[in-house]
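To start, the structure itself, in structure tokens.
All of the numbers you see were taken from the coordinates with simple rules; none came from a lab. All values derive from a computational prediction rather than experimental measurement. Counting neighbours? That spans all protein chains shown, and the Cβs are built from the backbone with ideal geometry, glycine included.
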Amino acid sequence: MVKHRESRPGQKTAGGLGAKPRRDISGKPPAKPAHASRPAKPSRDAKPSRDYGERVAEPHTAAPAAAAPERPLIARTGERPVERVPVILESLGAGDFHLIDSGNGLKLEQYGPYRIVRPEAQALWPPSLAAHIWDNADAIFTGDTDEDGMGRWRFPREALGETWPLQLLGVDFLGRFTAFRHVGVFPEQIVHWAWMKEQVEAAKRPLKVLNLFGYTGVASLVAAAAGAEVTHVDASKKAIGWARENQALGRMEKLPIRWICEDAMKFILREERRGNKYDIILTDPPKFGRGPNGEVWHLFEHLPLMLDICREILSPKALGLVLTAYSIRASFYSIHELMRETMRGAGGAVESGELVIREAGLDGRTPGRVLSTSLFSRWVPK
């Protein structure tokens, strides 16, 4: 169940914008190595765990490369888009996921048949449920609680396999226990994916979607299943391989998805030169990352140029540009004002705020406290 509350409307590494780490209300974890599953200090590739305060890149994924050839920012003119702030996009869970409880720096989540305990720095309050419920979880992540720390999984009941099937928004994919605490999906992104799905289905025309730092491909599969032609970019070969596994699991091999293993910044610069355009662009860069060829990505240094290029490759009838930021020590206003400057003269509106997940109890239907997961900014044409 997804709620949109206007009051901020998903392994990868940064780097060429390809990976994404987990975030804190204040920020985003380091990028994973090039876009892949989440490793320690996530580079976008290795999608790092995404808690408002962290996103970790997995060592097996390539870190996102950043910077690429110099290309000056375009001097934008015209009025800035209308602003809608703060916007809180809330999820009470969806499909096989919901947040059961949280507290004492931890969160208890339901992923399909498994109850999982992972670190959550923002859960400052005491848990609502009894200790024995937490202790009897199927999997508990132990080890370094730092956002870029590695650890291991403990299985109190019985040994579990590395992967298991999950479903969100009608798409099948594999959950996976990784050494960096994430499991292959960042459920707070469900609100963006549901919005994208609605846009694609209501468009009455073929849409092209670009998913930068695409991680394990769940968003790409949601968009393609809805009828879009999708380009998925991640710098991590491991992440791309996981995404293809997810595509095969759902028997979606015939869907129009291009899987591109490349530094995100290099890719969008090339698309700009070629004049290629997209109707919806999703981008979830990490805070820091290194690309396969030593490229370095720093969110605060390279984000303005990345968004500038993204604007240039939006189609004349574009429906949205979505930016999510994790583990950065900043207010959502920092990316909100950047998005408004980037979209000067384009009309429409920029809505920014936070993505949050509400506790849903053991039954998945009992609303509790809200856990903030990340910052976001979204430009829409009206």
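List Val185, Val380 from most exposed to least, where exposure is judged by having the fewest other Cβ atoms within 10 Å.
Sorted ascending by nearby Cβ count, the order is Val380, Val185.
How would you rank Val356, Val85, going from fewest to most other Cβ atoms within 10 Å of each one's own Cβ?
Least crowded to most crowded, the residues run Val85, Val356.
Which of the GluC sites (Glu not before Pro) across the range 227-276 are loop residues per DSSP, with 16 or fewer other Cβ within 10 Å?
Here the GluC sites (Glu not before Pro) that fit, given the DSSP loop and packing criteria, are Glu253.
Once you place label points 7 Å from the Cα toward the Cβ at Ser315 and Arg274, how far apart are they in nm?
1.6
Taking neighbour counts of Cβ atoms within 10 Å as a proxy for exposure, in what order, fewest first, do Phe186, Phe180 appear?
By the 10 Å Cβ count, ascending: Phe186, Phe180.
List the pairs from Lys197/Lys382; Lys197/Lys317; Lys197/Lys287 whose alpha-carbon separation is above 19 Å, in the order I gave them.
Lys197/Lys287
Given points 7 Å out from each Cα along the Cα-Cβ axis, report the Arg258 to Asn293 separation in nanometres with one decimal.
Computed distance between label sites Arg258 and Asn293 equals 1.8 nm.
Rg/Rh for the range 97-161: what does it come to with C-alpha atoms and Rh from Kirkwood?
Result for the range 97-161 is an Rg/Rh of 0.95.
Given a Förster distance of 35 Å, report the FRET efficiency between Phe155 and Leu124 from their Cβ-Cβ distance, rounded to the nearest 0.05.
Using R0 = 35 Å, I get an efficiency of 0.80.
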